[in-house]
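Student: Okay, here's the structure, questions in a sec.
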Amino acid sequence: MKTINVETLTDNLTAIFIVTTSAGLIGLFFLKINFILLSSSLTYGVWLAACTLIYAIAQHFKTKNSSTFDFYQASGPVTPTVRRKKSNIEERVAIHIDEDGLDPMVLFNEEKSGVACILRLTELKTTKHLFDYLYDLNISVEQQGSPIDGQTLMEINYQQEKGYYRLTDNGPRELLDFAFCENSEHLYAQIKLAIEQLKNDNPALCISKVNVTNYQALQKFYHYVKRLNAPENRSIEYLSYYQGTLKICNTSYVALYDCTLQSTLTSWINQDGLIRTDNVEVELLGDNMLQLVDIELPYTECRLIDIQIVKMRDVQEGVKLYLTLVELNEGKLTNNMSGLTLLMGNNSIDIKYDEVLSDELISVEAYFNQKSYPEF
């Protein structure tokens with residue numbers, strides 16, 4: 001968008017006003033002359049003089065403002081100076097938001113990042129610069145912007161696959177974070193080789209991996225189940241499902257407002273057998289919300305105190321949840337306890353009460369860590 005100086009715009013509006021006013025006055029004069037039936041030669045002379053005057057006024061204001069604004073070419077191509085300025089702005093924006101929608105300000109924040117994987121390296125001695133390892137493996141490196149607070153962001157490329165790494169100066173030690181976009185297996189393999197070489201030169205090097213896709217899909221489910229162990233947890237209102245989508249409504253006590261608050265969790269299983277709680281609105285739209293089927297609870301009033309994962313031998317069957325429910329009597333826990341298993345597949349949920357389980361139960365926290373923090 002072209003920026004117009006206020007003073008320049010005022011001058012041009014003044015020019016337009018003067019030209020228009022002059023034309024009107026001369027036009028009136030022209031009509032007056034015709035009205036009194038002057039000769040045609042005189043009329044032609046007056047008209048020629050009017051056109052000359054209008055042109056002279058227009059040229060005066062055009063010349064005056066040509067260095068800042070051309071009224072007749074305001075919507076045309078921008079000047080080279082403006083084009084260079086626009087290019088710089090686009091480059092700065094590309095550092096923060098590229099074509100994949102990645103924002104390096106949150107690039108290494110697993111809760112917000114748009115990447116698929118993050119590697120973190122700690123206890124790295126500066127015996128040899130990382131760039132040397134990457135150069136030996138034909139990985140191109142380009143610095144993005146200037147270092148901020150001792151942190152330098154670099155873009156890395158290998159066979160048209162792109163990623164990022166952040167180098168943090170921490171005195172005698174350096175911290176390294178790598179961020180990989182989806183479908184960057186070749187780049188990841190090369191970086192893994194570089195890290196193995198770093199490991200040889202730095203035996204104390206610690207490496208951790210974050211599967212960002214799984215982390216973002218599971219974190220809501222993980223935190224929801226974690227709150228079931230809190231003393232504020234009250235009663236379960238209902239369990240319902242539609243095909244392979246599960247909806248849980250639970251209440252908790254909010255001391256600040258001295259009231260109970262209902263919270264719902266909608267989860268489903270994707271084709272890879274992973275519990276997801278992101279983008280569930282796609283699964284429950286329109287008439288599907290009306291087709292939710294309630295799951296019968298074992299007690300009239302009960303509390304959901306835990307959800308665990310049943311470790312299954314065949315992961316292709318889906319994910320089996322084990323819900324522990326305790327009967328409530330006037331809001332207080334009793335000694336009556338019941339188990340509810342839900343085998344969640346892509347398009348269905350199989351329900352069983354007090355099933356005798358031969359498989360191992362693992363906590364949702366362990367399941368979350370297993371899927372979100374795989375071994376490097």
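The values are calculated or read from the model by the stated rules, or taken from the named source; none is laboratory data. Remember, predicted model here, so these are calculated numbers, not experimental data. Cβ placement follows ideal geometry from the backbone for every residue including glycine, while neighbour counts extend to all protein chains displayed. Heavy atoms of the whole protein, side chains included, go into the accessibility calculation; ligands, DNA and RNA do not. Shrake-Rupley method; radii C 1.70, N 1.55, O 1.52, S 1.80 Å.
Student: What number of residues within the range 314-348 satisfy the criterion of being touching a residue at least 24 places away in the same chain (Cβ under 8 Å), more than 34 Å from the chain's Cα centre (by Cα) and closer than 23 Å to TYR224 by Cα?
Tutor: Matching residues across the range 314-348 total 9.
Student: Could you please let me know if TYR133 is modelled with pLDDT under 90, open to solvent by less than 30 Å² (accessible area, probe 1.4 Å) and not in a loop (DSSP other than H, G, I, E, B)? Let's see the steps before the verdict.
Tutor: On the way: modelled with pLDDT under 90: yes; open to solvent by less than 30 Å² (accessible area, probe 1.4 Å): yes; not in a loop (DSSP other than H, G, I, E, B): yes.
In short, yes.
Student: Specify the residue that is farthest from SER252 (Cα to Cα); the eligible residues are those in the range 192-238 that are part of a strand (DSSP E or B) and among the basic types (Lys, Arg). Steps first, answer last, please.
Tutor: Residues of the range 192-238 part of a strand (DSSP E or B): 206-211, 233-238.
When the remaining residues are screened for being among the basic types (Lys, Arg), the result is 209, 234.
Values: LYS209: 34, ARG234: 5 Å.
Going through the qualifying residues, I end up with LYS209.
Student: Please enumerate the residues belonging to the range 307-325 that are buried (at least 18 other Cβ atoms within 10 Å of the Cβ) and assigned to a strand (DSSP E or B).
Tutor: Applying the first criterion (buried (at least 18 other Cβ atoms within 10 Å of the Cβ)) to the range 307-325 yields 307-310, 318-323, 325.
Answer for the range 307-325, where residues must be buried (at least 18 other Cβ atoms within 10 Å of the Cβ) and assigned to a strand (DSSP E or B): ILE307, GLN308, ILE309, VAL310, VAL319, LYS320, LEU321, TYR322, LEU323, LEU325.
Student: Would you check if there is a residue in the range 299-307 being at pLDDT 95 or above and touching a helix residue (DSSP H, G or I) at 6+ places or on another chain (Cβ under 6 Å)?
Tutor: Within the range 299-307, one or more residues are at pLDDT 95 or above and touching a helix residue (DSSP H, G or I) at 6+ places or on another chain (Cβ under 6 Å).
Student: Is it the case, given these coordinates, that SER146 is open to solvent by less than 40 Å² (accessible area, probe 1.4 Å), of a type outside the set (A, V, I, L, M, F, W, C) and not in a strand (DSSP E or B)?
Tutor: Numbers: open to solvent by less than 40 Å² (accessible area, probe 1.4 Å): no; of a type outside the set (A, V, I, L, M, F, W, C): yes; not in a strand (DSSP E or B): yes.
No, not satisfied.
Student: Please go through the range 199-217 and give me each residue that is touching a Lys or Arg at 6+ places or on another chain (Cβ under 8 Å) and open to solvent by less than 10 Å² (accessible area, probe 1.4 Å), ordered by number.
Tutor: Selection gives ASN202, LEU205, VAL210, ALA217.
Student: Looking at this structure, is SER140 farther than 21 Å from ILE207 by Cβ, at pLDDT 80 or above and hydroxyl-bearing (Ser, Thr, Tyr)? Steps first, answer last, please.
Tutor: Working: farther than 21 Å from ILE207 by Cβ: yes; at pLDDT 80 or above: yes; hydroxyl-bearing (Ser, Thr, Tyr): yes.
In short, yes.
Student: Looking at the range 200-239 only, could you name the residues that are touching a residue at least 24 places away in the same chain (Cβ under 8 Å), farther than 17 Å from ASP306 by Cα and of a type outside the set (A, V, I, L, M, F, W, C)? If you could, list the steps in order and put the result at the bottom.
Tutor: Within the range 200-239, the subset touching a residue at least 24 places away in the same chain (Cβ under 8 Å) is 201-202, 204-222, 224-229, 233-239.
Applying the additional criterion that residues be farther than 17 Å from ASP306 by Cα yields 201-202, 204-217.
Matches in the range 200-239: ASP201, ASN202, SER208, LYS209, ASN211, THR213, ASN214, TYR215, GLN216.
Student: Taking GLU182 and the conditions (1) under 27 Å from LYS371 (Cα atoms); (2) outside any loop (DSSP other than H, G, I, E, B); (3) acidic (Asp, Glu); (4) open to solvent by 40 Å² or more (accessible area, probe 1.4 Å), which numbered condition does it fall short on, given that it satisfies the others?
Tutor: If we test GLU182 against (1) under 27 Å from LYS371 (Cα atoms); (2) outside any loop (DSSP other than H, G, I, E, B); (3) acidic (Asp, Glu); (4) open to solvent by 40 Å² or more (accessible area, probe 1.4 Å), just (2) comes out false.
Student: Separate question: Working only within the range 149-179, note down all residues that are among the acidic types (Asp, Glu) and not in a loop (DSSP other than H, G, I, E, B). Before the answer, list the steps.
Tutor: Residues of the range 149-179 that are among the acidic types (Asp, Glu), as a first pass: 149, 155, 161, 169, 174, 177.
GLU155, GLU161, ASP169, GLU174, ASP177, listed by residue number.
Student: While we're on this one: Considering only the range 227-239, state which residues are open to solvent by less than 70 Å² (accessible area, probe 1.4 Å) and under 30 Å from the mean Cα position of the chain (by Cα). Break it down into steps so the answer makes sense when it comes.
Tutor: Of all residues in the range 227-239, those open to solvent by less than 70 Å² (accessible area, probe 1.4 Å) come to 228, 230, 233, 235-236, 239.
Answer for the range 227-239, where residues must be open to solvent by less than 70 Å² (accessible area, probe 1.4 Å) and under 30 Å from the mean Cα position of the chain (by Cα): just LEU228.
Student: Any chance the range 249-270 includes a residue that's within 21 Å of GLN370 (Cα to Cα), buried (at least 16 other Cβ atoms within 10 Å of the Cβ) and modelled with pLDDT under 85?
Tutor: yes
Student: Any residue that is open to solvent by 40 Å² or more (accessible area, probe 1.4 Å), assigned to a loop (DSSP other than H, G, I, E, B) and of a type in the set (A, V, I, L, M, F, W, C) - is there at least one of those in the range 333-344?
Tutor: no
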